[in-house]
Amino acid sequence: MSENQGVLQGFKEFLMRGNVIELAVAVVVGAAFTNIVNAVVKGVINPIIGALGSQNLDNYKTCLTTCHIGKKTSEYTDGIYILWGSVLSSALTFLITAAVVYFLMILPMTKWKARQDAKKAIAPADPTEIELLTEIRDALVAQREGSSAPHSSTSATVIAQKRQY
């Protein structure tokens, strides 16, 4: 019973992480975005390709074996044929989707994150005068007491920082 509670607790923690919610939102947005891309392919890309032939890319086929075309429907009635037009349409849909996602979502987000990281990566704050004076005092006290060995690095740091000013 405790193992089941452990599994359920782990599942609950998994669901409560932000990643799952972000993933769900991404799937919903992606599904809606797919409709837009499909409309662009069918409304813009297919007619451009259709200038060379049929607007419906699904009509592009190649027969591998002896194929017979029906007289009434003008479609293959038997034989083995490859529907390369639908593959081309799907590939175009994928490329357009990938390009839009990259240029409209990934690239701006990467630039934004780089700017945020640059703001965070500004040089660490210099020590204040009070911190420097405290380090100098501690170094002088340590030297006077004769235990300068452990604090020699502190003294060198203070001197190096003073030289920067």
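In square angstrom, what is the accessible area per residue of segment 1-111 with a 1.4 angstrom probe?
Averaged over the residues of segment 1-111, the accessible area is 77 Å².
Peptide packing for 86-93, 109-116 was compared via the average number of neighbouring C-beta atoms within 10 Å per residue; ordered from the highest value, the list is 86-93, 109-116. The slack between Met109 and Thr134, meaning 0.36 nm per residue of separation minus the straight C-alpha distance, is 4.6 nm.
If you keep only loop residues by DSSP, which GluC sites (Glu not before Pro) in segment 12-108 have at most 14 other Cβ atoms within 10 Å of their Cβ? Please report the intermediate quantities before stating the final value.
Working: sites: Glu13, Glu22, Glu75; in loops: Glu75.
Passing sites in segment 12-108 are Glu75.
A crude spin-label estimate for the pair Asp117 and Ala26, with each label 7 Å from Cα along the Cβ direction, gives 1.8 nm.
The values are calculated or read from the model by the stated rules, or taken from the named source; none is laboratory data. What you see is a predicted model, and the numbers here were worked out from it, not measured in a lab. Counting neighbours? That spans all protein chains shown, and the Cβs are built from the backbone with ideal geometry, glycine included. The accessibility values were calculated without ligands, DNA or RNA, using every heavy atom of the protein model including side chains. Shrake-Rupley method; radii C 1.70, N 1.55, O 1.52, S 1.80 Å.
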